[in-house]
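The values are calculated or read from the model by the stated rules, or taken from the named source; none is laboratory data. Computed from a prediction, not measured in an experiment: that's the story for all the values here. Don't worry about glycine lacking a Cβ; one is built from the backbone with ideal geometry, like all the others, and counts go over all protein chains shown.
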There are 2 protein chains.
Amino acid sequence: MVSRSELKYIQSLGQKKYRDIEGVFVAEGPKLVKELIESPNVQLEKIYALNEWLEENESFLKSLDVTVIDETELERISQFKTPNKVLAIVKKFETKVVPAKEGISLVLDGIQDPGNFGTIIRIADWFGVPQIICNADCADMYNAKAVQATMGSIARVNIFYTDPSAWLKQQGSVRIYAAMLEGKDVTKMTSIREGLVIIGNESKGIDKDLLQLANERISIPRKGSAESLNAAVATGIILSHLV
Amino acid sequence: MVSRSELKYIQSLGQKKYRDIEGVFVAEGPKLVKELIESPNVQLEKIYALNEWLEENESFLKSLDVTVIDETELERISQFKTPNKVLAIVKKFETKVVPAKEGISLVLDGIQDPGNFGTIIRIADWFGVPQIICNADCADMYNAKAVQATMGSIARVNIFYTDPSAWLKQQGSVRIYAAMLEGKDVTKMTSIREGLVIIGNESKGIDKDLLQLANERISIPRKGSAESLNAAVATGIILSHLV
């Protein structure tokens with residue numbers, strides 16, 4: 001059973017304001033929730049699940065607080081049109097502004113679409129990119145659609161929000177690459193060991209001040225007619241050539 | 001003004017069944033509609049637009065049939081939560097099953113998510129891939145979200161639905177590549193002039209019968225921890241290395 005006050009509480013977490021106040025976010029679906037349960041640094045505050053899910057997963061739930069609910073209740077608390085068996089309230093991660101790590105990091109400027117934003121987190125995790133620096137114009141990493149699109153990678157990449165220009169200026173001699181429509185052909189570049197890659201908004205591009213800090217403009221050569229590529233797809237292509 | 005029967009008609013086009021019967025689909029938003037108006041082989045049957053859009057675009061509308069509507073009417077006929085100024089009823093394209101063309105073609109197996117499906121069409125258009133062969137398990141190319149995600153590329157790529165195994169068997173000596181989690185490292189391959197690339201469903205992979213027809217299994221090396229990549233991102237990465 002979900003009480004009336006629990007229902008209101010869970011629904012409120014659909015808004016960033018309340019996620020910030022409560023310090024938690026919502027993750028939904030068997031695959032994602034299982035990934036989070038198995039991630040060492042993730043704290044799950046509460047799980048709401050259909051009995052069917054509970055029976056399948058009982059063995060590894062240990063001391064987790066699970067409330068069994070029915071389909072109607074799940075529909076009420078879910079942020080999706082097609083709820084999927086289980087919903088978890090998860091403690092936000094401790095993210096802090098840290099210096100550029102060894103290896104390659106991503107700097108995101110104005111990636112507003114939560115699905116694209118989450119997909120980029122998943123791509124970073126695939127390519128072993130340890131951190132993502134975002135400006136305030138990016139989607140909230142704890143938005144339900146973003147969390148969903150990360151497929152669990154949200155627990156493995158250090159993501160923090162800051163003023164990227166100010167942050168980049170403190171990073172010493174690290175090389176900075178800006179993904180642009182015109183620039184050095186990334187498919188002909190040799191892989192790099194270290195560097196920061198700036199990805200901008202599909203329609204607005206990269207902020208002028210941020211762009212000035214870049215040492216090199218890189219681009220994906222167009223062979224056909226599409227005007228641009230989706231930001232997540234572009235990130236995947238660039239990392240596959242640079243990493 | 002939108003009449004009651006027009007409203008019902010437009011809303012019915014949210015379903016594949018009615019799109020098939022009527023031979024039309026719906027495209028929304030200034031960018032997409034403009035791209036379709038400018039595409040030589042696209043027939044727009046009717047446009048519904050806010051006055052604001054009409055004033056900005058009057059110069060190139062020529063003989064197109066435009067009905068001016070208000071925000072409330074647009075909300076009623078739109079398939080999106082956030083309607084965007086203009087909606088067009090567009091005649092479906094003539095697509096026919098054709099032999100593998102010169103160059104690279106994509107074969108899609110079970111790409112069900114309309115957003116991913118549309119993004120793949122946009123990627124194909126970017127890389128100059130002329131045709132996409134889809135099985136019946138793929139999303140409908142005329143689904144509103146798919147059309148949206150193509151950003152106009154839907155008018156420039158020949159997409160057809162068929163039994164890919166049967167079709168592939170008729171293609172003579174063309175080389176067939178299957179995108180897999182395990183296979184030859186695509187980032188180390190040299191580009192190819194000709195070939196068919198099979199992309200499967202993210203969770204189910206490629207159908208067994210289809211996979212047997214492949215000459216080579218290719219994969220994107222994983223350097224981090226994510227379990228998989230989104231099918232559209234994987235397609236973008238593979239094409240950037242092969243084209």
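Summary of computed values
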| quantity | calculated |
| --- | --- |
| Residues that are farther than 21 Å from A:Ser228 by Cβ, out of contact with any helix residue (DSSP H, G or I) (no Cβ under 9 Å at 6 or more places or on another chain) and polar (S, T, N, Q), drawn from segment B:79-126 | B:Thr95, B:Gln112 |
| Qualifying residue in segment B:101-114 (condition: modelled with pLDDT of 95 or more, in a helix (DSSP H, G or I) and buried (at least 18 other Cβ atoms within 10 Å of the Cβ)) | yes |
| Members of segment A:8-32 that are at pLDDT 95 or above and of a type in the set (A, V, I, L, M) | A:Ile10, A:Leu13, A:Ile21, A:Val24, A:Val26, A:Ala27 |
| Hits in segment A:210-234 - residues which are within 14 Å of A:Asn116 (Cβ to Cβ), buried (at least 17 other Cβ atoms within 10 Å of the Cβ) and within 8 Å of chain B (Cβ to nearest Cβ) | A:Leu229, A:Asn230, A:Ala232, A:Val233, A:Ala234 |
| Matching residues, segment B:12-61, being polar (S, T, N, Q) and under 15 Å from B:Val86 (Cα atoms) | B:Asn51, B:Asn57 |
| Residues (surrounded by 24 or more Cβ atoms within 10 Å (Cβ to Cβ), within 10 Å of the chain's Cα centre (by Cα) and touching a residue at least 40 places away in the same chain (Cβ under 8 Å)) located in segment A:118-149 | A:Thr119, A:Ile120, A:Ile123, A:Ala124, A:Val147 |
| Tally of residues being farther than 14 Å from A:Gln212 by Cα, in contact with a helix residue (DSSP H, G or I) (Cβ under 9 Å, 6 or more places away or on another chain) and free of Cβ contacts under 8 Å to residues at least 40 places away in the same chain across segment A:155-184 | 1 |
| Complete set of residues in segment A:128-146 that are within 14 Å of chain B (Cβ to nearest Cβ) and touching a Leu at 6+ places or on another chain (Cβ under 7 Å) | A:Val129, A:Ile132 |
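Yes/no matrix, rows are residues, columns are (1) surrounded by 14 or more Cβ atoms within 10 Å (Cβ to Cβ); (2) within 21 Å of B:Thr119 (Cα to Cα):
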residue	(1), (2)
B:Val157	yes, yes
B:Ser165	yes, no
B:Val174	yes, no
B:Met180	yes, yes
B:Ser191	no, no
